[in-house]
1. Using beta carbons and a limit of 6 Å, which pairs, at least six apart or on different chains, have the first residue in the stretch 118-130 and touching a residue at least 60 places away in the same chain (Cβ under 8 Å) and the second one aliphatic (A, V, I, L, M) and buried (at least 17 other Cβ atoms within 10 Å of the Cβ)?
2. Using beta carbons and a limit of 6 Å, which pairs, at least six apart or on different chains, have the first residue in the stretch 62-79 and farther than 17 Å from residue 31 by Cβ and the second one at pLDDT 95 or above and open to solvent by less than 30 Å² (accessible area, probe 1.4 Å)?
3. Strands (runs of 3 or more DSSP E) wholly in the stretch 1-105 with at least 1 residues that are farther than 16 Å from residue 116 by Cβ - which ones?
4. Can you name the number of the only condition in (1) open to solvent by 80 Å² or more (accessible area, probe 1.4 Å); (2) on the phi < 0 side of the Ramachandran plot; (3) assigned to a loop (DSSP other than H, G, I, E, B) that residue 110 fails?
5. Looking only at the stretch 134-150, which residues are in a helix (DSSP H, G or I) and out of contact with any helix residue (DSSP H, G or I) (no Cβ under 7 Å at 6 or more places or on another chain)?
Amino acid sequence: MKKAIYPGSFDPVTYGHLDIIKRAAAIFDEVTVSVLYNVKKSSLFSVDERVKMLKEATKDLPNVKVDSFSGLLIDYAKSKDVHCVIRGLRAITDFEYELQVSQTNHLLSHGDLDTVFFTTDLQYSYLSSSSVKEIAYFQGDVSPCVPDFVADALEAKYAEQDRK
Ligand code: ADP
């Protein structure tokens, strides 16, 4: 069985992420989308909220699971007996960082963990969780970027925070 992990912040999940998830799910037998609990990065949504949104967004994809993890990706992958990581590439700026992370994971895992890159669909190449949050903060239209329930969650979050 070919299994893969798609790790990330997903703060929140966008159509760019969902496109990568669908394409990966068509190639791998099982894809686990896993939200990284990253103490060094402040997030708008809690890990639980992000997991919940990913579950809703992938509910029609039977071979996609949603999970969360903290610590090193190589340790998490080993605990799940997975040897392949999925990441998305939007532009050359993603490439430099992703290349470094992928090579480090390959080295640290003694060749046990490889990364497969999916290049973004052109229509989503501009899309990032950060830009979606900025648009939502200023009450712009995020409907081309995220599912409706994510747009609602963004609006509720910023309203709750009084747009601070
Ligand atoms: P990170 O994991 O770096 O904190 P994200 O959670 O935003 O960032 O993204 C997870 C993965 O999805 C990364 O590999 C990122 O490059 C990729 N990704 C994000 N947005 C898009 C997009 N619009 N098209 C393709 N890949 C994307």
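The values are calculated or read from the model by the stated rules, or taken from the named source; none is laboratory data. Only a predicted model underlies this, so the values are computations on that prediction, with no experimental measurement involved. Glycine gets a Cβ as well: all are built from the backbone with ideal geometry, and neighbour counts include every protein chain shown. Surface accessibility is based on the protein's heavy atoms, side chains included, excluding ligands, DNA and RNA. Shrake-Rupley method; radii C 1.70, N 1.55, O 1.52, S 1.80 Å.
1. Close Cβ pairs satisfying both conditions: 118/20.
2. 74/105; 74/109; 74/113
3. Values: elements: 3-8, 30-36, 64-69, 84-89.
Fully inside the stretch 1-105 and qualifying: 30-36, 64-69.
4. Residue 110 satisfies every listed condition except (2).
5. Just the residues of the stretch 134-150 that are in a helix (DSSP H, G or I), to begin with: 134-137, 148-150.
Listed by number, the residues that qualify are 134, 135, 148.
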